[in-house]
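Report on the following structure.
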Amino acid sequence: MSGEDNKQTVRRYLDSVWNQGRIEASAAFLDPSYRRYGSPDSAPLDVEGQRIRLQGFRTAFPDVRLVIEEMIAEGDLVAFRFTLSGTHEGSFQGIAPTGRRVVVPGLDLVRLKDGKLTEHWGGGDLNVLKAQLT
């Protein structure tokens, strides 16, 4: 697949799963071997782990919105800078709901194979997010 095809796949994934909240749709975008690397000190998530992560985030921020600011592709890699926003209405990493609106920058890198996401690194800036909740 071309870089443009891969960018379109990532855009569809982000819109469907993040912006529309269709967590179950993630299965159509993620390769069975998918791994999500969040931090160096934690094990990567598989497809089910990512589904649970997404559901937890959606529960904490039910109106979450992810806007792609920039996206580039080379070969099987797609990188994108984004802004995530939402209202803290559920518990998030031990922080009780505050009702506060958050705006968080982020940067992700995704590897695709045959039109599916296989590896995923990066994410929103958790320090910025937590600072807005405390």
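Read-outs: derived from the displayed coordinates by stated rules, not from any lab. Note that the coordinates shown come from a computational prediction; the quantities given were computed from them, not determined experimentally. Cβ coordinates were reconstructed from backbone atoms using ideal geometry, including for glycine residues, and neighbour counts include every protein chain displayed.
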Rough spin-label spacing in nm, given labels placed 7 Å along Cα→Cβ, for Asp5 and Arg53: 2.6 nm
Taking only Cα atoms, what is the 0 to 90° angle, nearest 10, from helix 47-60's long axis to the longest principal axis of the chain? 30 degrees
Under a GNM of the chain (C-alpha, springs under 10 Å), which listed residue has the highest mean-square fluctuation: Ser39, Ser16, Ser85? Ser39
What is the sum of charges, Lys and Arg at +1 and Asp and Glu at -1, for the other residues whose Cβ falls under 9 Å from the Cβ of Pro32? -1
If R0 = 25 Å, then Ser39 and Ile68, at their Cβ-Cβ distance, give a FRET efficiency to the nearest 0.05 of 0.65
Identified option (computed Rg and Dmax of the Cα atoms in Å; candidates (i) 14.4, 44; (ii) 15.4, 45; (iii) 16.6, 55): (i)
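Please order His88, His120 by the number of other Cβ within 10 Å, starting at the fewest. Numbers along the way, then the final one.
Working: His88 20, His120 23.
Sorted ascending by nearby Cβ count, the order is His88, His120.
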In nanometres, the difference between 0.36 nm per residue of separation and the alpha-carbon distance of Arg101 and Ala131 is 9.6 nm
Where in the stretch 39-59 is the amide nitrogen less than 19 Å from a point lying 7 Å along the Cα-to-Cβ axis of Glu24? 47-59
